[in-house]
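Everything below concerns the one structure shown next.
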Amino acid sequence: MLVLTVLLQIFPAASDITHYFTSGCVLWKNNYTNTFRDGDFILGAVLQLSDFHVYPVEFKLEGILCMSTYFLYYRHLLVFKFAIERLIEVSYGATEPVYNDRIQFPSFYRTVPNELSEMDGIVQILKHFGWKWVGLIVSDTSNGERALHRIRNGIESYGGCVAFSVSLPETSFLSWLFLYFDVERIVDTINQKNVNVIVLFLTPMHVNVFIAVFISRQITRKIWLSSSFFPTVIHVTHGYSRTTLNGTLSLSAQGGEIPGFETFLYRMTPSNYPNDDTVTEIWEALHECSFTGSLKTNTSVPGQKCSGNESLVDEVLSRFGNFDFRVGYQVYTAVYALAHSLHNLFSARAPAHPQAPAGSLKHRFKPWQLNAFIHNVTYKTPSGDTMFFKANGDPPARFDIVKWLFLNDGSTVSRKVGSFDESNEENQLYINFSADLWSPHFTE
């Protein structure tokens with residue numbers, strides 16, 4: 001006999017939380033989403049949705065402000081919710097291999113490759129260049145543990161060896177305490193092991209901890225090979241970290257053409273979207289300024305105010321990769337995959353009624369029926385890529401190999417120097433040897 005136990009607990013609305021609790025976490029109000037409403041139910045578990053705390057600078061603690069959402073756990077919550085209700089989910093950011101379990105998640109699909117494919121791509125690059133004495137820096141999470149074992153096994157499979165491995169904790173008080181005692185040890189380990197190649201497999205949650213290791217100690221003449229987390233690093237690099245990490249190679253999800261997106265981006269100004277806080281925050285980040293009354297106070301140019309009339313020129317966009325938006329491309333392919341499957345469903349005859357007229361499913365459509373159609377979707381993108389889903393819900397594992405350069409004027413340049421296509425059995429790895437692969441620290 002199968003018994004399913006469901007824990008139900010009624011939570012008050014966010015606006016009423018302060019009446020129920022005199023201490024603890026006070027939700028910071030934002031305009032993105034209303035997470036709690038009166039009478040909401042939490043099924044199964046209570047999940048952490050905040051990734052760090054900001055303590056008011058007062059003589060006594062007034063409460064903890066939850067300043068941002070912990071989207072990793074929120075994403076897990078959505079996946080389980082969709083699975084229970086048999087709703088189709090096409091994710092553009094979830095890379096965890098657990099979602100390949102078709103028993104638990106029969107209606108989960110993604111347009112971003114599985115992280116295991118990313119690990120295999122890193123191993124192929126190491127093998128291609130014959131790098132056999134390699135250091136590993138990973139996150140102190142299940143993702144990092146998987147990366148440590150899989151990449152280590154891959155290196156050993158071609159006769160290589162892992163010289164050292166370091167696991168970095170997430171951003172927290174304990175992580176800073178860890179760094180206080182361990183930064184010197186980590187840097188000394190890198191120098192003493194005489195390692196020229198270091199692999200980074202971290203998550204965006206570890207960016208600040210990672211940068212803290214290298215901000216005050218310069219480590220030059222190393223080849224850094226990173227997972228796709230690296231673009232989150234470039235916006236917080238300063239001090240010696242820009243010198244240390246200059247020339248890093250990273251695997252990034254494949255980018256592609258999005259027709260009309262460039263025109264849309266140039267029209268995305270605060271004057272055209274006056275009530276959109278997201279546009280305001282993007283504008284502040286692009287121009288390193290802040291609007292009057294903005295919640296953002298940590299601008300790169302203290303006191304500089306935004307007018308809203310700043311020019312969205314190529315020089316500004318170059319810091320963010322111009323129109324080479326890889327995450328945007330994953331969103332684009334996800335939307336089109338769903339659109340193609342809906343088109344195929346509404347063009348089909350209802351399976352239970354073979355004589356029914358075409359399009360009859362429009363009036364008797366159930367969300368779970370879409371699963372059979374999206375599973376068989378195949379289409380070409382404007383970039384010429386063939387998009388489809390494997391039996392486990394994964395897309396073709398395609399990555400670009402990107403080189404990152406930190407220039408003296410403070411800007412960052414990214415250049416595609418190769419690719420990794422797991423579906424191409426004959427030529428999975430391509431390296432453009434005519435590109436500048438090794439500057440600024442090496443010539444070959």
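The values are calculated or read from the model by the stated rules, or taken from the named source; none is laboratory data. Predicted model, so just to flag it, every value in this text is computed and none were measured. Don't worry about glycine lacking a Cβ; one is built from the backbone with ideal geometry, like all the others, and counts go over all protein chains shown.
Tabulated data
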{"quantity": "Counted residues, segment 123-149 - those being within 20 Å of the chain's Cα centre (by Cα) and assigned to a helix (DSSP H, G or I)", "calculated": "7"}
{"quantity": "Test: residue in segment 277-292 that is in contact with a Ser or Thr (Cβ under 7 Å, 6 or more places away or on another chain), among the charged types (D, E, K, R), at pLDDT 85 or above and in a strand (DSSP E or B)", "calculated": "no"}
{"quantity": "Where residue 410 falls short, out of the listed (1) under 25 Å from the mean Cα position of the chain (by Cα); (2) closer than 22 Å to residue 196 by Cα; (3) surrounded by fewer than 13 Cβ atoms within 10 Å (Cβ to Cβ)", "calculated": "(2)"}
{"quantity": "In segment 112-138, residue nearest to residue 390 (Cα to Cα) [restricted to those that are small (Gly, Ala, Ser) and in contact with a strand residue (DSSP E or B) (Cβ under 6 Å, 6 or more places away or on another chain)]", "calculated": "121"}
